[in-house]
Amino acid sequence: MAAVNRQWTVGRPTADPGGLCLTRAHFVAAKDEVPVPADGQILIRTEYLSPDPMNHAWVRGLPGKFDPLPVGAVMRGGIAGRVVASRLEGWNMGDQVAGFLDWADYSLSNGVDYMGVPLERVPSQVPLASGLSAMGMTGICAWIGLSDIGRPIPGDTVLVSGASGGIGSLAGQIAKVLGARAVGIAGGQEKCALVMGLGFDAVVDYKASDLTEQIAKACPDGANVFFDNVGGPLLDAALLNMADNGRIVICGALAHYGAQPTPIFNHMQLAMRSLSMQGFFYFSQSHRWAEARARIAKCLSDGSIRDPLDIAEGFDTVPEVAISQFAGGVKGRKLIHIAGRPAN
């Protein structure tokens, strides 16, 4: 066991532009002793950290959900690791686990994470990293968003923004599993190639030319479902290309996380085309997680879904990687590997 417990703690920047995205000065490296579990606790050795908007939200606070972390507190976010000591019945050394805990080498837990939900047990036959991707919040958001809100039927066209990212790449593949036609939106030739390599039927490069026109060509009969991870101009262009009675699933809003959110202009299409637009909060859907995980596990097993990972190496890369997620460039599910054997 390591002699120290490296941690990322909350700093106070001298200048803060606001918005959801943190600055480098928010990240302060610290060290502490490795904690010892008390009765009813397990000690988890973290191997992967998950750089999500949720990590930034912990520091900023989320009105109506939780207060901001104070300066000096250990940052929180998604982690995946293995139990290295247990004084909690039902948990054994070596068990694979994922959840929202400390961004540190080690976390103590009573079996429930900081969002008040039971820790995810990652099956031994599943790569640990997938506990933060296809088998974790990423895959579950994609599955619930499509199956419960988008509700595509065979033959529908499902348009997905952020299609080269973690949730978007899985959402398009799930659309195919459900019998729909999948069209992705991504930026640049490399990311568009990744999307097509995952089995999407078509891809739109939002960096290439007129986005609205490109979507119209890729979805000649309109999109029956738009699974949106971005918002802003991508949502605006999709609104002009929806089929009547289409469903828009709001999963994320990358274009709106900055200090100056991007406006939406074409919202009247909701009325003109009889569209519905609905979002969902992952932690309010815990009653659906078990079924979603079971469905995704089956798809991973039979090869109908692949789990594309984009893994950065090293504890010291955390601030750069956590901030860069808001600038795009991610190809698959972004994770940070800090210990143990990396995923293949």
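The values are calculated or read from the model by the stated rules, or taken from the named source; none is laboratory data. Keep in mind the model is a prediction, meaning the values are calculated, not measured. Cβ sites come from the backbone with ideal geometry, for glycine too, and all protein chains shown count toward neighbours. All accessible areas refer to the heavy atoms of the entire protein, side chains included, with ligands and DNA or RNA removed. Shrake-Rupley method; radii C 1.70, N 1.55, O 1.52, S 1.80 Å.
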- Message: Among the residues of segment 59-86, what is the count of those that are under 26 Å from Pro127 (Cβ atoms) and either crowded, with 17+ Cβ neighbours inside 10 Å or of a type in the set (Phe, Trp, Tyr) (or both)?
- Response: 11
- Could you pull out the residue among Gly166, Gly172 that is open to solvent by less than 60 Å² (accessible area, probe 1.4 Å) and farther than 22 Å from Leu239 by Cα? Gly166
- In segment 96-123, residue farthest from Met137 (Cα to Cα) [restricted to those that are of a type in the set (D, E, K, R) and open to solvent by 20 Å² or more (accessible area, probe 1.4 Å)]: Asp102
- Task: Under 7 Å between Cβ atoms, at least 6 apart or on separate chains: pull out the pairs that start in segment 67-79 with a residue that is within 10 Å of Trp103 (Cα to Cα) and end on any residue that is open to solvent by 70 Å² or more (accessible area, probe 1.4 Å) and assigned to a loop (DSSP other than H, G, I, E, B).
- Result: Arg76/Tyr114
- Could you figure out which of (1) open to solvent by 50 Å² or more (accessible area, probe 1.4 Å); (2) in contact with a Leu (Cβ under 9 Å, 6 or more places away or on another chain); (3) touching a residue at least 12 places away in the same chain (Cβ under 8 Å); (4) over 25 Å from Pro63 (Cα atoms) isn't true of His256? (4)
- Task: Kindly indicate the residue of segment 316-344 that is surrounded by fewer than 18 Cβ atoms within 10 Å (Cβ to Cβ) and modelled with pLDDT of 95 or more and also farthest from Leu198 (Cα to Cα) among those meeting that condition.
- Result: Asp316
- Residue selected from segment 158-215 under the condition acidic (Asp, Glu) and part of a helix (DSSP H, G or I), by the criterion farthest from the chain's Cα centre (by Cα): Glu213
- For segment 150-179, name all the residues that are touching a strand residue (DSSP E or B) at 6+ places or on another chain (Cβ under 7 Å), under 19 Å from Ala294 (Cα atoms) and in contact (Cβ under 8 Å) with a residue 60 or more places away in the chain. Arg151, Gly166, Ser169, Ala171, Lys176
- Message: Take the conditions open to solvent by 40 Å² or more (accessible area, probe 1.4 Å), closer than 19 Å to Asp156 by Cα, out of contact with any strand residue (DSSP E or B) (no Cβ under 6 Å at 6 or more places or on another chain) and of a type in the set (Lys, Arg) and apply them to Lys217. Does it pass?
- Response: yes
- Message: Can you confirm whether Pro127 is in contact (Cβ under 8 Å) with a residue 40 or more places away in the chain, under 24 Å from Leu300 (Cβ atoms), open to solvent by 40 Å² or more (accessible area, probe 1.4 Å) and within 20 Å of the chain's Cα centre (by Cα)?
- Response: yes
- Note on the structure: Per the filter on segment 284-311, residues surrounded by fewer than 19 Cβ atoms within 10 Å (Cβ to Cβ), of a type outside the set (Asp, Glu) and within 12 Å of Ser147 (Cβ to Cβ) are Gln285, Arg288, Arg295
- Within segment 27-46, can you find the residues that are open to solvent by less than 20 Å² (accessible area, probe 1.4 Å) and either without any contact (Cβ under 8 Å) to a residue 60 or more places away in the chain or farther than 25 Å from Gly61 by Cα (or both)? Pro37, Ile42, Leu43, Ile44
- Message: Looking at the structure I just gave you, is Leu240 among the aliphatic types (A, V, I, L, M), open to solvent by 40 Å² or more (accessible area, probe 1.4 Å) and out of contact with any Leu (no Cβ under 9 Å at 6 or more places or on another chain)?
- Response: yes
